[in-house]
Amino acid sequence: MDMHSVDPVVLGTSGVTAADVVAVARGGARVELSEEAVTALAAARGIVDALAAKPDPVYGVSTGFGALATRHISQELRGRLQRNIVRSHAAGMGPRVEREVVRALMFLRLKTVCSGHTGVRPEVAQTMADVLNAGITPVVHEYGSLGCSGDLAPLSHCALTLLGEGDAEGPDGVVRPAGELLAAHGIAPVELREKEGLALLNGTDGMLGMLVMALADLELLYKSADVTAALALEALLGTDKVLAPELHAIRPHPGQAASAANMLAVLKGSGLTGHHQEGAPRVQDAYSVRCAPQVAGAGRDTMAHARTVAERELASAVDNPVVLPDGRVESNGNFHGAPVAYVLDFLAIAAADLASIAERRTDRLLDKNRSHGLPPFLADDAGVDSGLMIAQYTQAALVSEMKRLAVPASADSIPSSAMQEDHVSMGWSAARKLRTAVDNLTRVLAVELYAATRAIELREGLTPAPASRAVLEAVRKAGVEGPGPDRFLAPDLAAADAFVRQGRLVAAVEPVTGPLA
């Protein structure tokens, strides 16, 4: 990871943007603390220190946690208390979480720390930035968060690294003891004081980071889906009249209008669309073709709502208790992940439906009874060749899994902490399954792209749209083969997947169409 590939992200007290999260998590951007943040950190710490010196118990400062909050902790035990909460809460299990997710997790926790509402000392915040900038990534496990009281176990594994304990991955990709990695980069382990251990692990940062990155991925994939839908419509000799702006203006969902406009731009100048009306009249196309903008548009509008939730959360300071500007330290429930969990589930539903309609178009391209003159399975010599028969099987398997992943996690709750935490969001689980859904959606669209481009090339004597020709040229250069006898299909599908995943499909059409919406 190149730590100098993008401009540094400077943290203030008012939150961060989605672009900041992506820059740090995926682009390796350096993180710096502003003077404003350091001043706010110091001021909030002064309030915590003053409360810690008083005999009155204050939750998280001089008491235990959760169901153990009734015990008052003496001053000599408070450092041990903060270390213990990190050690005991670092209880994750299962496979390691991806590096970009852990970087987003750490960065977003630092964002809240810098708000001046947590009472963490400036030097602890600086150490968090130093660990990120050194490319040190704590080992975080798949299971351990219920999405309430924050992403506790994942954040605890990150906090453990700050103590020089547990395991972490270095910038070379090798997992080593965290203490060794800190020493190798000249970073001193932190000694936690009152409230700091709790403040490092009480946030929605993991689920929020995954939401932000999913939105970035889906923005590309929804544009890609408009392109593949347009190519399939063209290959099926469908009509583009249903994409006319005046039809979408009378049902004014903005996402629908954007998807229809994208498809219309891709199809401009096509010699295939509407061709079926000559000699073989078709009153209207099937739903999977005709309703493509309605389905993709609904997903786009769902993304718009999810983006609003993410922006609010990015501007939030999520901790319990929080330090308020008037000097109070108050308990609250802002760590509950419901707002984020719901939209993570909404997005998984929308992604599954987009994949489902894409698979139906692919199947239509392969069925000689519904493809309007294309060979069975787009095979070279049907019977001897199977063509893309099993590519559609693979696509169907992916869609089926996405339908299972669309079952909401946020509708579930299992009480914890001796019934003190008796309703939780399961937002981390919603985020984890959304990542898989996004990954599968990319593959589904790659199969549709593969089938549609082959089908267009089989329409001899008809001229595809200029944007379609640009896709055909680019995808063939990318190693995705065209029509011909059966061959080892997996490499073609992998090349198509990479073409979509890396944004090259959208990049191929935009010089012709202009920027897609």
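The values are calculated or read from the model by the stated rules, or taken from the named source; none is laboratory data. Since the structure is predicted, the reported quantities are computational estimates derived from the model, not experimental observations. All Cβ positions, glycine included, derive from the backbone under ideal geometry; neighbour counts span all protein chains shown. The accessibility values were calculated without ligands, DNA or RNA, using every heavy atom of the protein model including side chains. Shrake-Rupley method; radii C 1.70, N 1.55, O 1.52, S 1.80 Å.
Quick notes
- For region 14-116, the Cβ-based charge dipole about the Cα centre amounts to some 440 debye (Lys, Arg positive; Asp, Glu negative; other atoms uncharged).
- Normalised contact order of region 431-517, rounded percent, pairs of Cα under 8 Å and 6 or more residues apart: 38
- Per residue, the convex hull around the alpha carbon atoms of region 352-392 comes to 55 Å³.
- Summing Cβ point charges (Lys, Arg +1; Asp, Glu -1) relative to the Cα centre of region 79-229 gives a dipole of roughly 420 debye.
- Taking the chain and dividing mean pair separation by its residue count, relative contact order in percent (alpha carbons under 8 Å, at least six apart): 16
- With the helix formula -39500 (n - 2.57) applied to DSSP H stretches of n ≥ 4, the chain reaches a computed 222 nm mean residue ellipticity of -17500 deg cm²/dmol.
- Amide H contacts for VAL10 (H built 1.01 Å from N in the peptide plane; partners 5 or more residues away or on another chain; cut-off under 5 Å): GLU32.
- Excluding ligands, DNA and RNA, the accessible surface per residue across the chain is 39 Å² with a 1.4 Å probe.
- Here the Karplus relation 6.51 cos²θ - 1.76 cosθ + 1.60, evaluated at θ = phi - 60°, turns the backbone of region 435-445 into coupling constants of 4, 5, 4, 5, 4, 5, 4, 4, 5, 4, 5 Hz, with x for every Gly and Pro.
- Options TYR393, ALA379, ASN369, ranked by Cα towards positive dipole end of region 358-517, top entry (Cβ charges): ASN369
- Among the trypsin sites (Lys or Arg not before Pro) within region 304-343, those in coil by DSSP and having at most 14 neighbouring Cβ atoms inside 10 Å are ARG328.
- Here the chain carries DSSP beta bridges of which approximately 75% are antiparallel, counting only pairs with both residues inside.
- Phi-based couplings in Hz for region 197-212 (Karplus 6.51, -1.76, 1.60; Gly and Pro marked x): x, 4, 5, 7, 9, 10, x, 8, 5, x, 5, 5, x, 5, 5, 4
- Over the chain: Rg over Rh, Cα atoms, Kirkwood Rh: 1.07
- Relative contact order, percent, region 259-358 [alpha-carbon distance under 8 Å, six or more residues apart]: 30
- Rounded Å value of the spacing that divides the Cα centres of region 85-101 and region 307-375: 23
- Measuring nothing but protein heavy atoms, the accessible surface of the chain at 1.4 Å probe radius is 56 percent carbon and sulfur.
- The calculated P(r) of region 1-127, using every Cα pair and 10 Å bins from 0, goes 12, 33, 32, 19, 4, 0 in percent.
- Amide H within-cut-off set for SER425, under 5 Å, with H built and near neighbours excluded: CYS148, GLY337
- Cα-centred dipole magnitude for region 158-245, charges only on beta-carbon of K, R (+1) and D, E (-1), debye, nearest 20: 240
- Shape box of region 443-517 [Cα atoms, principal axes, largest first, Å]: 36, 32, 19
- Pairwise inverse Cα distances across region 367-496, averaged and inverted, put the Kirkwood hydrodynamic radius at 17.5 Å.
- Summarising the amide proton neighbourhood of ASP167: residues at separation of 5 or more, or on other chains, whose placed amide H is nearer than 5 Å comprise VAL139, ALA178.
- 3J(HN,Hα) from dihedral phi, region 100-110, Karplus parametrisation 6.51/-1.76/1.60, rounded to Hz, x for glycine, proline: 5, 5, 5, 5, 5, 4, 5, 5, 6, 5, 5
- Options LEU218, THR127, LEU182, ranked by Cα towards positive dipole end of the chain, top entry (Cβ charges): LEU218
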